[in-house]
């Protein structure tokens, strides 16, 4: 039986073994972190790069360094990961949600002016699914209104806009390097900027954070190894049977394991800076990341071409100026739950995502969330897997 997981870590077993040996032998050095951040700085065209505990913690550090707090407002998309507004509220900042541009996962730039008030300080561009915002329009609006543009690139490492890396348009940007990302350090995140004073303040705030110990790092490696095995072509057909059984019982097992509960979204989790071994691991992945990204984009385009025009299936509009990271493959369907259930019966897992729609005044965002499904996308998808996926989608919509 062929079965396709919704996600499959971009990890090589040999790389995991090497990392495990380094952790056990203690053969790592703090210099690995500076070497890694220097390499990322060249790739992202940013002068200051910090390897932080997580993208969420990076956002918290950034907002504090900018002096934002009570009575300040941040404009952001009405469809976003719930930890983002939770962090804002934790710091006393008011999130102001902006309606989506129809057919996209991005906020509508034409609605920014109406959302802006005298208390607005920041526009936060969130590149969901690795599909970049219209960054030129956002940068122009911020410049004209003396606002700060920040970028949430948690799902967008490798994406570009007008041939520039995302994360290089705003004053600063955050990236996630979680295990399921196309470019991963098995955890942690990146905080990047070109502004010297801001970079110095951020560096000072990071220096006070303790570093992960080996005993804290090894479980992260173990979880990554287990996820890699569980989503492999040999093991996932067995896992898929369990997912289908849970589906029949009305239980989404993947969602239950991965979705964070609301009570923990705003808390300062993962306050330890990643172990230097993870920086070395990520540095080794960065060398062949461009070729893997090209393969991932090729698969993404191939799948989109084959699904174009399928009755009952909507595809997000693409900005011709944007080079996406192919972090995930979003589609829109009317019967979201039924569609996902029928896919699983065909051996194809999917995801509803871990994002939410905010603000009653943004019906387009709610409609998008109600119809949004993420299909499998990773560089290992070959012809046989693509045929299975397309056939399963057509069958589920028939």
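The values are calculated or read from the model by the stated rules, or taken from the named source; none is laboratory data. As the structure is a computational prediction, the values presented were derived from the model and not from experiment. Here the Cβ is made from the backbone with ideal geometry for all residues, glycine too, and neighbour counts use every protein chain on show.
Looking at residue 59, is it surrounded by 23 or more Cβ atoms within 10 Å (Cβ to Cβ) and either within 23 Å of residue 292 (Cα to Cα) or in contact (Cβ under 8 Å) with a residue 12 or more places away in the chain (or both)? It is true that residue 59 is surrounded by 23 or more Cβ atoms within 10 Å (Cβ to Cβ) and either within 23 Å of residue 292 (Cα to Cα) or in contact (Cβ under 8 Å) with a residue 12 or more places away in the chain (or both).
Of the numbered criteria (1) surrounded by fewer than 18 Cβ atoms within 10 Å (Cβ to Cβ); (2) in a loop (DSSP other than H, G, I, E, B), the one residue 223 fails is (2). Among the residues making up region 136-161, a single one is at positive phi and under 15 Å from the mean Cα position of the chain (by Cα): 158. A single member of 234, 190 is at pLDDT below 95 and either under 18 Å from residue 4 (Cα atoms) or buried (at least 20 other Cβ atoms within 10 Å of the Cβ) (or both), and it is 234. Given the condition closer than 25 Å to residue 353 by Cβ, surrounded by fewer than 19 Cβ atoms within 10 Å (Cβ to Cβ), touching a residue at least 40 places away in the same chain (Cβ under 8 Å) and out of contact with any strand residue (DSSP E or B) (no Cβ under 9 Å at 6 or more places or on another chain), answer yes or no: does some residue in region 94-105 qualify? Looking through region 94-105, at least one residue is closer than 25 Å to residue 353 by Cβ, surrounded by fewer than 19 Cβ atoms within 10 Å (Cβ to Cβ), touching a residue at least 40 places away in the same chain (Cβ under 8 Å) and out of contact with any strand residue (DSSP E or B) (no Cβ under 9 Å at 6 or more places or on another chain). Among residues that are touching a residue at least 40 places away in the same chain (Cβ under 8 Å), under 18 Å from residue 318 (Cα atoms), in contact with a strand residue (DSSP E or B) (Cβ under 6 Å, 6 or more places away or on another chain) and not in a strand (DSSP E or B), residue 129 is included.
Scanning region 24-52 for residues being surrounded by 21 or more Cβ atoms within 10 Å (Cβ to Cβ) and in a loop (DSSP other than H, G, I, E, B) gives a total of 1. Test residue 195 against the stated conditions and say whether it is more than 22 Å from the chain's Cα centre (by Cα), under 26 Å from residue 22 (Cα atoms) and either surrounded by 17 or more Cβ atoms within 10 Å (Cβ to Cβ) or at pLDDT 90 or above (or both). Against the criterion (more than 22 Å from the chain's Cα centre (by Cα), under 26 Å from residue 22 (Cα atoms) and either surrounded by 17 or more Cβ atoms within 10 Å (Cβ to Cβ) or at pLDDT 90 or above (or both)), residue 195 does not qualify. For residue 72, the criteria (1) surrounded by fewer than 19 Cβ atoms within 10 Å (Cβ to Cβ); (2) in contact (Cβ under 8 Å) with a residue 12 or more places away in the chain; (3) farther than 17 Å from residue 148 by Cα hold in every case but one, which is (3).
The residue of region 342-367 that is modelled with the lowest pLDDT, among those that are part of a helix (DSSP H, G or I) and either under 17 Å from the mean Cα position of the chain (by Cα) or surrounded by fewer than 17 Cβ atoms within 10 Å (Cβ to Cβ) (or both), is 345.
Among residues of region 286-299 that are on the phi < 0 side of the Ramachandran plot, those with a beta-carbon under 6 Å from a residue that is surrounded by fewer than 17 Cβ atoms within 10 Å (Cβ to Cβ) and part of a helix (DSSP H, G or I) at least six positions away or on a different chain give the pairs 286/39. When residue 380 is tested against the conditions (1) in contact (Cβ under 8 Å) with a residue 40 or more places away in the chain; (2) surrounded by 17 or more Cβ atoms within 10 Å (Cβ to Cβ); (3) out of contact with any helix residue (DSSP H, G or I) (no Cβ under 7 Å at 6 or more places or on another chain), the lone failure is (2).
Looking only at region 135-162, how many residues end up being within 26 Å of residue 200 (Cβ to Cβ), out of contact with any helix residue (DSSP H, G or I) (no Cβ under 6 Å at 6 or more places or on another chain) and part of a strand (DSSP E or B)? Residues that pass the stated criteria total 4. Within region 272-279, one or more residues are in a helix (DSSP H, G or I), buried (at least 16 other Cβ atoms within 10 Å of the Cβ) and under 21 Å from the mean Cα position of the chain (by Cα).
Quick one: how many residues across region 320-339 are surrounded by 19 or more Cβ atoms within 10 Å (Cβ to Cβ), outside any strand (DSSP E or B) and in contact (Cβ under 8 Å) with a residue 60 or more places away in the chain? Here the count works out to 6. Looking only at region 9-23, decide whether some residue is in contact with a strand residue (DSSP E or B) (Cβ under 8 Å, 6 or more places away or on another chain) and part of a loop (DSSP other than H, G, I, E, B). For region 9-23, residues in contact with a strand residue (DSSP E or B) (Cβ under 8 Å, 6 or more places away or on another chain) and part of a loop (DSSP other than H, G, I, E, B): absent.
For region 163-172, does any single residue satisfy the condition of being surrounded by fewer than 19 Cβ atoms within 10 Å (Cβ to Cβ) and assigned to a strand (DSSP E or B)?
Yes, region 163-172 contains at least one residue that is surrounded by fewer than 19 Cβ atoms within 10 Å (Cβ to Cβ) and assigned to a strand (DSSP E or B).
Candidates 360, 370: the one that is within 16 Å of residue 99 (Cβ to Cβ) and touching a helix residue (DSSP H, G or I) at 6+ places or on another chain (Cβ under 7 Å) is 370. Pairs are defined by a Cβ separation below 7 Å, a sequence spacing of at least 6 or placement on different chains, a first member in region 267-285 that is at positive phi and at pLDDT below 95, and a second member that is assigned to a helix (DSSP H, G or I) and crowded, with 16+ Cβ neighbours inside 10 Å; the pairs so defined are 270/57.
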